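The values are calculated or read from the model by the stated rules, or taken from the named source; none is laboratory data. It should be emphasised that the depicted structure is a prediction, and the values quoted were computed from it without experimental measurement. Positions of Cβ are backbone-derived with ideal geometry, glycine not excepted, and every protein chain shown enters the neighbour counts. What goes into the accessible areas is simple: the full protein's heavy atoms, side chains included, and nothing from ligands, DNA or RNA. Shrake-Rupley method; radii C 1.70, N 1.55, O 1.52, S 1.80 Å.
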Amino acid sequence: DHGGDLESRRAAWRQVTERGEGDQKRAAYVRLAYLSREAGDPHSAAGEFEQALALANDDAGRAELQLEVAITRTITGEHASATAVLDAVHSDDHVARVTGQRGVIALAQGDAVKALAFAEQARGEAVQRNDVMTYLGSASLIAMIHESAGRLVEAYDTYIRARESLADLLGEEGRGLVQPAIAVFEERLGQAKFAEVWNAWVAMRRAARGR
């Protein structure tokens, strides 16, 4: 699957969907959907994920595919459809991801307040379930919302807290998951503006500690 041009690979997986059966056919639709998304064709990807979903034969696999459908429908701007798919997910393991995707949808609809509330809820749910990647995604969404609103100190604080939390959980590996986002944030702001934000953040942390 790693060789050949993208369209040739898509054509090859389409043949598998036509000739395969059961799990093989489902897996082919999933692979085809990812390739369609990579090709910038989210409408086809959504349909292919839905074909795979129709063939899913276990609850965990069904929930994963429902989330993929919702993510892809969000990309295509079909927010009501994406929300309806999320409403149909009944898996405790996927609760945080569902909530996080609701935040993405709210942000896409221009409701930053609602998006922030969902993102913070998703972060809390991820902590309860030790769901590292959803925690990281939720924290990134929170930081992005703060930055877009000009709340740069809050955005930076979100990244730092995420780095500290994941470092406590995973050590240096956890720290490394967040550090690239902090570096990009610093680069985006520029040296002078970042220094201003950092000084304000230090003052905020000292005040919170009662110093």
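I need the phi-derived Karplus couplings for region 179-189: 6.51 cos²θ - 1.76 cosθ + 1.60, θ = phi - 60°, integer Hz, Gly and Pro marked x.
3, x, 5, 5, 4, 5, 4, 4, 5, 5, 6
With each pseudo-label sitting 7 Å past Cα toward Cβ, what's the I160-L6 distance in nm, one decimal?
Label-label distance for I160 and L6, simple model: 4.0 nm.
Quick one: net charge of Q179's neighbours, Cβ under 13 Å, K/R +1, D/E -1?
Counting the neighbours of Q179, the net charge comes to -3.
For Q109, enumerate residues with amide H under 5 Å from its amide H, sequence gap 5+ or separate chain, H modeled in the peptide plane.
Here nothing satisfies the definition.
Whenever you get a sec, compute what percent of the accessible area on region 158-203 sits on carbon and sulfur atoms (1.4 Å probe).
53 percent
With labels modelled as points extended 7 Å from the Cα through the Cβ direction, what inter-label distance (nm, one decimal) is found for R14 paired with D93?
Taking the two extended label points, one gets 3.3 nm.
What is the distance in Å between the Cα centres of region 116-167 and region 35-98?
Cα centroid to Cα centroid, the span is 23 Å.
What full-extension length gain, to one decimal in nm, is calculated for T76 and A203 as 0.36 nm per residue of separation minus the Cα-Cα distance?
Roughly 41.5 nm would be gained on extension.
Under a point-charge model restricted to the Cβ atoms of Lys and Arg (+1) and Asp and Glu (-1), what is the dipole moment magnitude of the chain relative to its Cα centre, in debye to the nearest 20?
Dipole magnitude for the chain comes out near 680 debye.
Once every DSSP H run of n ≥ 4 in the chain is given -39500 (n - 2.57) and the sum is divided by its residues, what mean residue ellipticity at 222 nm do you get, rounded to the nearest 500 deg cm²/dmol?
So the helix-based figure for the chain works out to -27500 deg cm²/dmol.
Under 16 Å from a point 7 Å along the Cα-to-Cβ line of V113: which residues of region 145-189 have their amide N that close?
So the set is 146, 149.
Keeping all protein chains in place, calculate the accessible area per residue for region 77-152 (probe 1.4 angstrom), answer in Å².
48 Å²
Go through region 149-154 residue by residue and turn each phi into a ³J(HN,Hα) via Karplus (6.51, -1.76, 1.60, θ = phi - 60°); whole Hz please, and just put x for glycine and proline.
8, x, 8, 5, 5, 5
Could you grab the Rg to Rh ratio for the chain? Cα atoms only, Kirkwood for Rh.
Result for the chain is an Rg/Rh of 1.05.
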